[in-house]
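Trainee: Take this structure, written in structure tokens, and hold onto it; I'll ask about it next.
The values are calculated or read from the model by the stated rules, or taken from the named source; none is laboratory data. Values in this document were obtained by computation on a predicted structure and should not be read as measured data. Glycine also receives a Cβ, built like all others from the backbone with ideal geometry; neighbour counts cover every protein chain displayed. Surface accessibility is based on the protein's heavy atoms, side chains included, excluding ligands, DNA and RNA. Shrake-Rupley method; radii C 1.70, N 1.55, O 1.52, S 1.80 Å.
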Amino acid sequence: MVDLESEVPPLPPRYRFRDLLLGDQGWQNDDRVQVEFYMNENTFKERLKLFFIKNQRSSLRIRLFNFSLKLLSCLLYIIRVLLENPSQGNEWSHIFWVNRSLPLWALQVSVALISLFETILLGYLSYKGNIWEQILRIPFILEIINAVPFIISIFWPSLRNLFVPVFLNCWLAKHALENMINDLHRAIQRTQSAMFNQVLILISTLLCLIFTCICGIQHLERIGKKLNLFDSLYFCIVTFSTVGFGDVTPETWSSKLFVVAMICVALVVLPIQFEQLAYLWMERQKSGGNYSRHRAQTEKHVVLCVSSLKIDLLMDFLNEFYAHPRLQDYYVVILCPTEMDVQVRRVLQIPMWSQRVIYLQGSALKDQDLLRAKMDDAEACFILSSRCEVDRTSSDHQTILRAWAVKDFAPNCPLYVQILKPENKFHIKFADHVVCEEEFKYAMLALNCICPATSTLITLLVHTSRGQEGQQSPEQWQKMYGRCSGNEVYHIVLEESTFFAEYEGKSFTYASFHAHKKFGVCLIGVRREDNKNILLNPGPRYIMNSTDICFYINITKEENSAFKNQDQQRKSNVSRSFYHGPSRLPVHSIIASMGTVAIDLQDTSCRSASGPTLSLPTEGSKEIRRPSIAPVLEVADISSIQTCDLLSDQSEDETTPDEEISSNLEYAKGYPPYSPYIGSSPTFCHLLHEKVPFCCLRLDKSCQHNYYEDAKAYGFKNKLIIVAAETAGNGLYNFIVPLRAYYRPKKELNPIVLLLDNPLDDLLRCGVTFAANMVVVDKESTMSAEEDYMADAKTIVNVQTLFRLFSSLSIITELTHPANMRFMQFRAKDCYSLALSKLEKKERERGSNLAFMFRLPFAAGRVFSISMLDTLLYQSFVKDYMISITRLLLGLDTTPGSGFLCSMKITEDDLWIRTYARLYQKLCSSTGDVPIGIYRTESQKLTTSESQISISVEEWEDTKDSREQGHHRGNHRNSTSSDQSDHPLLRRKSMQWARRLSRKGPKHSGKTAEKITQQRLNLYRRSERQELAELVKNRMKHLGLSTVGYDEMNDHQSTLSYILINPSPDTRIELNDVVYLIRPDPLAYLPNSDPSRRNSICNVTGQDAREETQL
């Protein structure tokens, strides 16, 4: 060890600690070399160049000083001309010699010396080895011409009065101005505007031409007319404007030659300048220029960032955004990387939009473009994805980058982001509001299978409308449907509300029922002041607080409503007796005006038995007497509320013991063990006890675990739900979960079949003949087409084929473009559909945003477009709660204590309730459910065969199919209403209106010919159907499938369906009405004494489903 230490050499002196403290005494022996950098900048020339050229601020001062000198020299020339006395005679000496006073000469010499010195110095500093390049420059030549004669006159006094064209210094001033503007933009670190520079150059060029011409004409006419400066100015303006009065003209040949030269110069220089200016102006129009900083600080604006702007997207955004009164003064700045479309340009030139919409061509990834849009001052930024691209994941990636760029540039700007794929949502969790398209799409498609037309219900709720659609139509269903479509979700604080203030300290269901009974508003949810979670129908145990925020459905918000008592309304109700007819339209809460709705206060006192009261039917009625409807209690009686046992499933009480045991062994309730993507909300649902092997998931192929090869062999007890999609994406998770939610009874769970390709053989194998619903998802590969609206062509034709082959199948279709909904279940010669087409065009001409709502497939909930939910994101700017409420309604989010959307069907045993108000009371008092609307199905007034023609009312009554009579609502009204005689009149009016609009109804000579024609048409119709039925049956036999259950003659073409959102209390309920309910969370009724069971992931269920839906 000692030897090793002795081999280590000692440290040099400079590395010793003692030397660091006392100083290094051996520095003189150090071998380090000190290097100095940038020594070339320490020379005298480099320092001058740094001061005069390189440094922006000092160079700017030099340019400004030079510009001032040139202007001073031009000013001294004008002074010399004004002080000079006109000399007599026409001698050429007057051209070369002038009268110049000694002080003026001294000033001009001083300016010339400074200018020449500066020019030589700048030439020396910018010298790069070629002297002739510096000498032959036009600014240097002009400087020599204007400065050297004055310097020579110092040494040769006789030349002091020599004429020097000092007015040419205006061109040097123009050159100095251009350099000064460039240095100014460099000094303040801002990108210069090419348009501003070009305009400045053009103006300065014009001024220099005019000034040069004025001074030249004035000097050359010293031997002619002796023109002064004003006369020369007049002559130049008249000449350059091509007016040419002729009262002032040059006389000498020299002045004439000078004018010709100046005109030639103007004809060459000015067009070049104007061409460059026009080019820059066109480019500016394409890019959109900038949004003014002053306007951004004084006016409010929002920014819309899109990949490509289509006219449909633009109009949807503008119509929805400006539908709110408080947004009328906002500006919309569109930031798009592509050039403006021709249709978009045409729309933005309309005065209505040109003053409020600004289009900027640029990218959200560039800070310069975000600065042009004044993103840091914007009230909000909407970032929309391009759904028409084949690669939707790539579109999401672009959206994510835009969101990151905006957040980095303007961290305080609220972000409203639309994303397509759910797996990409977690990248933008920082955004204030996010709408994931596939989440909402699949959730709505799933609920459409449980609650019919949920997609239509949500679409109408998130669209802004005044409920004026269809009011000019003679059809009562269109009036009711259009009026109720104006209902939207609003909010108000309880203590500030006239609707709900009196219900402080009372239960939620009590407040909801009485507010609807008195004001016609539907209270659907609340939010505590200290809680961010919204609770939909928290149930009768929830006590209303004064600081609670109430969410309700109404035609308009309370702030825009006026109130008057029912007694006052009756005095002026004579003119509105139309609403007391058989249509049962609202008589109390629908008086609309521009921005204000007058709502009548209902008289809560007892009424006569003939009025729409809550009393039971009289004993003389044909109905069986039932117990009276219990009142809704102000505070829920805890003892009367049935607590839910989470460890049992009461909905299975009707099953046999063997079925119950097998059912319990098959299903359990809990949270899914795996999440398909980050950010999915955990949902309590039915699960299998054991994971199914992957090989068993193939329905059409047998494996070692089972030998089934088609859906029929599985022996499913419930009808199938078939999903036809292109790929099994992560979004399907949101389709499956609502159909397997814990509150759905096990006996009502439908098998779900995923069909990735839909040829006829696969359709038959997967059980399409006995399926409850078939959901056709828009395919990503077809979303991009050469013609935009052709993106739905394949989907529409395929669905039409299914509609013709399986007419009894309920098909729910998603389309890319809402305008293509008119092609669903298309029948070319159906005069009723043609009448609806004309109605849609009229509604669009009236400015309706929901013109497509009267199309029968949309009204019935059989088709929707996800683009119709874009308004949900736009509405969130005014109603920040809309996305949360929509997610709760669709089951995408689950909040403890919040209810869920479900439905119930009105049966024969429920018709004794008669009115919607009594139904509301019955539900609130028994189960705590809150109804929000009705899905009504009626018999269609005209048959809808493709070969159908218009016939008279009487003959139509004689020849209509007996199957249609079974579905007609007149059979129901015979036992529930006294207005049976009015239905033929309504049918007659609707048919006359349809024939008048379609103008396709031929005139027949007699009833016999019409009857024969109708019979032939029916024969042709049945022959075509039988041919299609034979095709399907033969194919099923070829595949070895049973044809039992395939009914080729059963279809739903003779009915129409529509939605009534929040109908009035006195609206009649009818047979087969489907009522939309917000049912309280069954977990909310758990005893507080056992919190562990409340949070358990054990078996969960509510009350008996039959007990809840039977009234």
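Trainee: List the extent of the Cα atoms of region 49-112 along each of their three principal axes, largest first, rounded to whole Å.
Mentor: Ordered largest first, region 49-112 gives principal extents of 55, 20, 15 Å.
Trainee: Continuing with the same structure: Ignoring ligands, DNA and RNA, how do F877, F245, F826 rank by accessible area with a 1.4 Å probe, largest first?
Mentor: F245, F826, F877
Trainee: Please list, ordered by chain and number, the residues whose modelled amide H lies under 5 Å from the amide H of Y708; skip anything fewer than 5 residues away on the same chain.
Mentor: So Y708 has HN proximity to C703.
Trainee: Hey, another quick one. So for each of 449-455, 164-170, 270-276 I average, over its residues, the number of other beta carbons within 10 Å; can you give me the resulting order with the highest mean first?
Mentor: Packing proxy ranking, top to bottom: 449-455, 164-170, 270-276.
Trainee: In sequence order, what are the phi-derived ³J(HN,Hα) couplings for region 790-806 according to the Karplus relation 6.51 cos²θ - 1.76 cosθ + 1.60 with θ = phi - 60°, rounded to whole Hz, with x for glycine and proline?
Mentor: Each residue's phi maps through the Karplus curve to give 7, 5, 9, 4, 5, 5, 5, 5, 5, 5, 4, 5, 4, 4, 6, 7, 10 Hz.
Trainee: Sorted by accessible area with a 1.4 angstrom probe, largest first, how do K717, K794 fall?
Mentor: Largest accessible area first, the residues go K717, K794.
Trainee: Go through W97, W171 and list them by solvent-accessible area, largest first, probe radius 1.4 Å.
Mentor: Correct descending sequence by accessible area is W97, W171.
Trainee: Ok, one more. Taking amide hydrogens as modeled 1.01 Å from N in the peptide plane, which residues meet the under 5 Å criterion relative to Y359, leaving out close sequence neighbours?
Mentor: Under 5 Å from the amide H of Y359: I334.
Trainee: Looking at region 312-355, I'd like the Rg to Rh ratio, where Rg is from alpha-carbon atoms and Rh is Kirkwood's inverse mean 1/r.
Mentor: Computed over Cα atoms, the ratio is 0.96.
Trainee: Also, I was wondering about something else. Taking the alpha carbon gyration tensor of region 660-733, what are the square roots of 5 times its eigenvalues, largest first, to the nearest whole Å?
Mentor: 23, 19, 13
Trainee: With r as the distance between the Cβ atoms of L277 and Y234 and R0 = 45 Å, compute the FRET efficiency 1/(1 + (r/R0)^6) and round to 0.05.
Mentor: It comes out at approximately 0.95.
Trainee: Quick one: pull the percent of accessible area on region 205-325 belonging to carbon and sulfur, 1.4 Å probe, ligands and nucleic acids left out.
Mentor: About 65 percent, which is the carbon plus sulfur part of the accessible surface.
Trainee: Would you be so kind as to identify which of F770, Y874, M821 lies farthest towards the positive end of the dipole of region 726-879, taking Lys and Arg as +1 and Asp and Glu as -1 on Cβ and the Cα centre as origin?
Mentor: Result: F770, furthest along the dipole toward the positive end.
Trainee: Please compute the length gained on full extension between I350 and V797, using 0.36 nm multiplied by the number of residues separating them and subtracting their Cα-Cα distance.
Mentor: Using 0.36 nm per residue and subtracting the Cα-Cα distance, I get 157.2 nm.
Trainee: Provide the gained length on full extension for the span D700 to E339, in nm with one decimal, where the gain is 0.36 nm per separating residue minus the Cα-Cα distance.
Mentor: Stretched out fully, the D700 to E339 stretch lengthens by 125.0 nm.
Trainee: Still on this structure, I have one more. Are there GluC sites (Glu not before Pro) in region 724-832 that DSSP marks as loop and that have at most 11 other Cβ atoms within 10 Å, and which are they?
Mentor: Those satisfying the criteria are E786, E787.
Trainee: Tell me the carbon and sulfur percent of the accessible area for region 662-783, rounded to whole percent, probe radius 1.4 Å.
Mentor: 54 percent
Trainee: Hey, with R₀ at 41 Å, roughly what FRET efficiency would D367 and K842 work out to, going by the Cβ-Cβ distance, to 0.05?
Mentor: The calculated FRET efficiency here is 0.25.
Trainee: Report the full-extension gain for the segment F716 to L83: residue separation times 0.36 nm, less the Cα-Cα distance, to one decimal in nm.
Mentor: Additional length available on full extension: 216.6 nm.
Trainee: Another question, if that's okay. From a point 7 Å beyond the Cα of I95 in the direction of its Cβ, which residues of region 251-274 have a backbone N at a distance under 11 Å?
Mentor: 252-258
Trainee: Please report the relative contact order for region 309-398, taking Cα pairs under 8 Å with a sequence separation of at least 6, and give it as a percent rounded to a whole number.
Mentor: 24 percent
Trainee: Out of the total accessible area of region 379-432 (probe 1.4 Å, heavy atoms of protein only), what percent is carbon and sulfur?
Mentor: Answer for region 379-432 is 52 percent, counting heavy atoms of protein chains only.
Trainee: Could you tell me which trypsin sites (Lys or Arg not before Pro) in region 367-457 are loop residues by DSSP with no more than 11 other beta carbons within 10 angstrom of their beta carbon?
Mentor: Qualifying residues, ordered by number: K429.
Trainee: How about region 665-737: which chymotrypsin sites (Phe, Trp or Tyr not before Pro) there are in a DSSP loop, with at most 10 other Cβ atoms within 10 Å of their Cβ?
Mentor: Y674, Y707
Trainee: Let me confirm the definition first: pairs of Lys residues in region 691-844, 8 or more apart or on different chains, C-alpha distance under 24 Å. How many are there?
Mentor: Lysine pairs meeting the criterion: 20.
Trainee: Round to the nearest 0.05 the FRET efficiency obtained for L267 and N182 when R0 = 45 Å and r is the Cβ-Cβ distance.
Mentor: Using R0 = 45 Å, I get an efficiency of 0.95.
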